[in-house]
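Asker: Below is the structure I would like to discuss, written out as structure tokens.
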Amino acid sequence: MFFRRTTFCLLLLMAMTAARAQTHLYYWFDNGDIRSVTTNATGAWNWNVDASELREGFHTLHVMASPAGESNWSAPRTIFFVKAPALADLQDVTYVASVDTKVVQTGTVSSTNGTVALDINLDDVPIGFHSLNMVLITKNGGVTDVRNAYFWKLTEGNHITRYEYWIDDGEFLHETVDVQSDDNPFILDEDFDIGETTFISRNFAFVVANGKMYAWAKHRLNVRFFDKDFQVAQASKDFIDYRVGGQILGNLPGQLSLQPIVPGEPLSVSEPTENNIHWFQVFADQGDSLRLTTNRACMLNVFSPTGEEVYATEDGTVTGGFRAPVRGTYYIALHDVAQRNGYNVQLTVTFVPGIPTAITRPDDDNADGTLYDLQGRKLTEKPDKGIYINGHVKQTAR
């Protein structure tokens, strides 16, 4: 889908009773801020969404809907679109199509009413399971991100006879579906019923938006296909279930607390139960070193002020650390304690200020008698004891 204006129209089909005429929606572009809107409309609703802050190129729009005042959220729906200054920019768009790692077709295509259709020749692609990758280049030189999709090339007369799908390791969901017709057997998305998933502490999505922290359930969907020639293919894709989790306040699945931690002062918390997380926050300047220590082996994940993961422990590790890439509040998740025994878990964060890099060491021209410590920091006076540097010579105060 292509959209040329800063706002575009999205058509939502909602089935609501008279008592549920008002609908609440969460929506967001790409991985951006989560926004909301409420409507009293029923049936088809034309909704203008402002996309003026987005750069030109490929984007995604995600939408979740629920009757107002209820928590019965729909699964997120996602559409892909390209933002361009004008419809003329979507004429004679160059496309590059590759299968796996080999380019199979290039050419130009024009948009009609905001959509395009491509006919990709796959005659030279071998029978089997592949990935189709697509890049679009507009006339003004704008290049979209790569978009890809899996497909299975079958022998003539062949078709999918069965597929099975499961979440993560299959503990919570594992379904097998026999395909009754070969009319169009590969359009399967509508047949996936994953229900409401579970929050798993070892694999979750952390997001910072508008100064608020969110943790959502994150899973891997696995699909295995069978055809009548007894060939088997499998694909996997991570997805976020925005119905499970939410803002970190201590009252949602997987979230036990959000506590500030003072560097150097141990903090004890109750042992988190399975798939629950204790959350902590600590402030650091860019370049500061933070060392994390626990009294029991557990998992620690640390996220930056913008939500990127900057540190994660290995199994069995009780001590580790990282250097702060930016100034701001860092968020620590403590979970999956080894050898559960019901005792408290103690977390200590030790803090080492960043070392200035302007002075690596005094040189021979240090004629003014300036003193430095071993880390190159300038001293205001000679220390009473310990090692210091005068010029380029180490000296010891006793």
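Since every read-out is calculated from the coordinates, none of them should be taken as a lab result. Note that this is a predicted model, so its numbers are computed, not measured. With ideal geometry, Cβ positions are generated from the backbone for all residues, glycine too; neighbour counts draw on all protein chains shown.
Asker: State which entries of 102/139; 83/218; 139/237 exceed 31 angstrom in Cα-Cα distance in the structure shown.
Answerer: 139/237, as the Cα separations exceed 31 Å there.
Asker: Quick one: what do you get for segment 221-318 if you divide its Cα Rg by 2.2 N^0.38 Å?
Answerer: Here the answer is 1.52, to two decimals.
Asker: Could you tell me the relative contact order of segment 240-301? Use alpha-carbon pairs under 8 Å, at least six residues apart, and round to a whole percent.
Answerer: Answer for segment 240-301 is 27 percent.
Asker: Count charges around residue 236 for me, please; just the other residues with Cβ under 14 Å from its Cβ, Lys/Arg as +1, Asp/Glu as -1. Don't skip to the answer; put the middle values down first.
Answerer: Values: positive: 218, 220, 224, 237; negative: 164, 168, 169, 238.
Result for the local shell: 0.
Asker: Can you give the relative contact order of segment 263-349 as a percent, counting alpha carbon pairs under 8 Å and 6+ residues apart?
Answerer: Values: 204 pairs, mean separation 41.0, N = 87.
Worked out over segment 263-349, it gives 47 percent.
Asker: Amide H to amide H, which residues 5 or more places from residue 276 or on other chains are under 5 Å from it, using H placed in the peptide plane?
Answerer: Long-range HN contacts for residue 276: 336.
Asker: Counting only C-alpha contacts under 8 Å and six or more residues apart, can you give the relative contact order of segment 114-163 as a whole percent?
Answerer: Values: 42 pairs, mean separation 17.6, N = 50.
After rounding, I find 35 percent.
Asker: If amide H atoms are built 1.01 Å from N in the plane of the peptide, which residues on other chains or at least 5 residues away come under 5 Å of the amide H of residue 91?
Answerer: Here 111 satisfy the definition.
Asker: Output the peptides 304-313, 291-300 sorted from most to least packed, where packing is the average of other Cβ atoms within 10 Å over each peptide's residues.
Answerer: Numbers: 304-313: 15.7, 291-300: 18.2.
Peptide ranking by packing, descending: 291-300, 304-313.
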